[in-house]
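The values are calculated or read from the model by the stated rules, or taken from the named source; none is laboratory data. Everything numeric here is computed off the predicted structure, so don't read it as measured data. Backbone-built Cβ (ideal geometry, glycine too); neighbour counts: all protein chains shown.
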């Protein structure tokens with residue numbers, strides 16, 4: 001049997017990726033269900049769920065979870081309200097400077113994020129927004145705009161105009177056509193953009209830390225502290241599994257959009 | 001639609017894009033402008049304001065700051081080279097292969113996109129750290145002299161490559177779409193080897209994508225925080241962790257802002273390159 005060169009190359013790449021990409025995540029899952037795991041055992045020596053109870057009983061975990069969820073919901077909804085009308089305008093209307101303005105939103109990525117956050121935080125110090133909920137919302141909002149404008153805008157552009165015209169022909173008004181024809185066609189991309197925004201805001205660390213700490217502590221900050229400061233390894237593992245699995249499932253729904261050329265184009269591909 | 005006047009149309013469009021534009025002015029242009037101006041000013045005890053380069057002078061004469069800056073440049077360059085060395089072959093492989101294995105490779109390489117930085121950092125500590133799973137696995141096959149990259153300059157590199165791989169690959173695979181199977185076959189028919197094909201056909205078509213990958217990654221890597229904070233050595237540290245410590249632990253927001261401006265200026269060349277590439281490419 002002749003083995004093709006591409007099969008050999010593919011196998012090598014696959015093995016390297018499994019060792020590099022999959023194994024670290026598998027390690028976290030093993031730790032989350034380990035009661036005892038001493039080096040150099042390949043698998044935990046005692047399995048159990050004890051640390052799930054102790055992690056979830058911690059007051060700092062619960063309050064951080066509440067804060068992070070509230071922040072993510074607020075930022076996502078605010079971003080949608082601000083950005084979706086603009087996404088529609090970019091896709092479907094002709095106006096002066098349209099291309100330039102679109103470029104300027106895509107150019108947000110041309111700025112180093114952390115440097116920008118430090119500048120915003122310095123400004124917020126003088127505006128007394130440091131240590132406030134809305135301070136964190138504002139610093140996280142900027143991050144979300146590119147995706148919330150770019151993805152829905154591409155979707156609005158892809159809406160089949162003939163369907164809209166057909167609806168108008170049989171007597172539907174502009175609002176009815178928009179709600180019944182335009183929105184449903186763009187809905188998957190809008191949903192994906194909102195999911196992405198929600199998950200990325202939930203895990204946003206730098207802005208929340210600079211503007212929120214030490215008064216407000218979000219989930220990533222608690223996780224950082226548990227990972228670097230705690231002797232018990234399992235706290236970090238349990239939290240990682242607990243928080244990552246739901247976000248992974250959410251992102252899987254958006255994966256067609258995430259892994260697409262359209263998404264990459266938003267970054268200049 | 002035709003009945004609408006140009007000015008009404010302009011007004012409607014501008015009104016709809018007004019809110020996000022306002023957010024961008026208030027949260028990007030204004031803070032950046034204020035920071036740049038304020039880090040160049042000094043307020044004397046009597047309240048009078050004068051222009052001064054003192055903060056920047058301090059940064060570039062302080063050995064610790066300079067060491068952090070050099071470490072950041074080193075990490076950025078090494079990570080970028082590794083990213084391209086890893087992602088370009090995968091992109092080429094994916095472009096020419098249609099098989100179940102190629103689909104698995106693609107899924108595996110894009111998987112990090114679904115994992116937040118903080119979880120990656122933790123996972124890598126447990127995996128590549130001292131007495132981690134990787135060390136145990138290596139000892140099973142008889143390799144006993146593993147020294148962990150955790151808390152060495154290579155720690156952040158390993159984590160940042162992990163984190164930046166998916167987007168790099170997406171941009172490179174999008175770029176590979178320009179390389180046609182026919183061109184490759186024609187070249188092969190006249191006797192061109194793999195090296196010649198790569199050098200003469202693939203590389204010239206990929207220049208744009210590689211420039212975008214370079215600009216985007218340099219900007220993102222230079223200001224990265226979570227991964228170097230968790231996987232890197234405490235001293236010297238990268239600019240991200242350094243700025244955060246200066247801001248919230250040392251409590252010198254002015255000096256942190258000066259560091260942020262230096263980060264901005266360093267990345268500005270790549271920022272401009274990125275914007276130029278965007279305007280050349282986009283058909284919005």
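Descriptive notes on the structure:
- 1 or more residues facing another protein chain (nearest Cβ under 10 Å): qualifying helices (runs of 4 or more DSSP H) within segment A:174-269: A:183-202, A:206-212, A:219-229, A:233-253, A:255-258, A:261-265
Here is a yes/no grid of residues against (1) more than 9 Å from chain B (Cβ to nearest Cβ); (2) part of a loop (DSSP other than H, G, I, E, B); (3) within 21 Å of the chain's Cα centre (by Cα):
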residue: A:69; (1), (2), (3): yes, no, yes
residue: A:78; (1), (2), (3): yes, no, yes
residue: A:94; (1), (2), (3): no, yes, no
residue: A:108; (1), (2), (3): no, no, yes
residue: A:142; (1), (2), (3): no, no, yes
residue: A:149; (1), (2), (3): no, no, yes
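- Among the residues listed as B:266, B:279, the single one being within 27 Å of residue B:156 (Cβ to Cβ) and either in contact with a helix residue (DSSP H, G or I) (Cβ under 7 Å, 6 or more places away or on another chain) or part of a helix (DSSP H, G or I) (or both): B:266
- Among (1) without any contact (Cβ under 8 Å) to a residue 12 or more places away in the chain; (2) more than 15 Å from residue A:238 (Cα to Cα); (3) touching a strand residue (DSSP E or B) at 6+ places or on another chain (Cβ under 6 Å) - the single one residue A:4 does not satisfy: (3)
- Among the residues of segment B:84-118, those identified as within 8 Å of chain A (Cβ to nearest Cβ), farther than 27 Å from residue B:149 by Cα and outside any helix (DSSP H, G or I) are B:97, B:99.
Residues checked against (1) in contact (Cβ under 8 Å) with a residue 24 or more places away in the chain; (2) surrounded by fewer than 17 Cβ atoms within 10 Å (Cβ to Cβ); (3) over 30 Å from residue A:234 (Cα atoms):
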{"site": "B:92", "(1), (2), (3)": "yes, no, yes"}
{"site": "B:95", "(1), (2), (3)": "yes, no, yes"}
{"site": "B:102", "(1), (2), (3)": "no, no, yes"}
{"site": "B:105", "(1), (2), (3)": "no, no, yes"}
{"site": "B:122", "(1), (2), (3)": "yes, no, no"}
{"site": "B:125", "(1), (2), (3)": "yes, no, no"}
{"site": "B:130", "(1), (2), (3)": "no, yes, no"}
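- Among the residues here, residue A:17 does not qualify as closer than 30 Å to residue A:151 by Cα, surrounded by 15 or more Cβ atoms within 10 Å (Cβ to Cβ) and away from chain B (no Cβ under 14 Å).
- Of the candidates B:78, B:161, B:66, the single residue that is assigned to a helix (DSSP H, G or I) and within 12 Å of chain A (Cβ to nearest Cβ) is B:161.
- Residue within segment A:185-193 that is in contact with a helix residue (DSSP H, G or I) (Cβ under 9 Å, 6 or more places away or on another chain) and more than 23 Å from residue B:16 (Cα to Cα) present: no
- In segment B:242-258, the qualifying residues are those that are crowded, with 24+ Cβ neighbours inside 10 Å and more than 7 Å from chain A (Cβ to nearest Cβ), and the one that is farthest from residue A:219 (Cα to Cα) is B:258.
- Here residue B:121 passes the criteria (1) within 17 Å of the chain's Cα centre (by Cα); (2) more than 30 Å from residue A:225 (Cβ to Cβ); (3) within 9 Å of another protein chain (Cβ to nearest Cβ) except the one numbered (2).
- In segment B:190-205 there is at least one residue that is on the phi > 0 side of the Ramachandran plot and modelled with pLDDT under 90.
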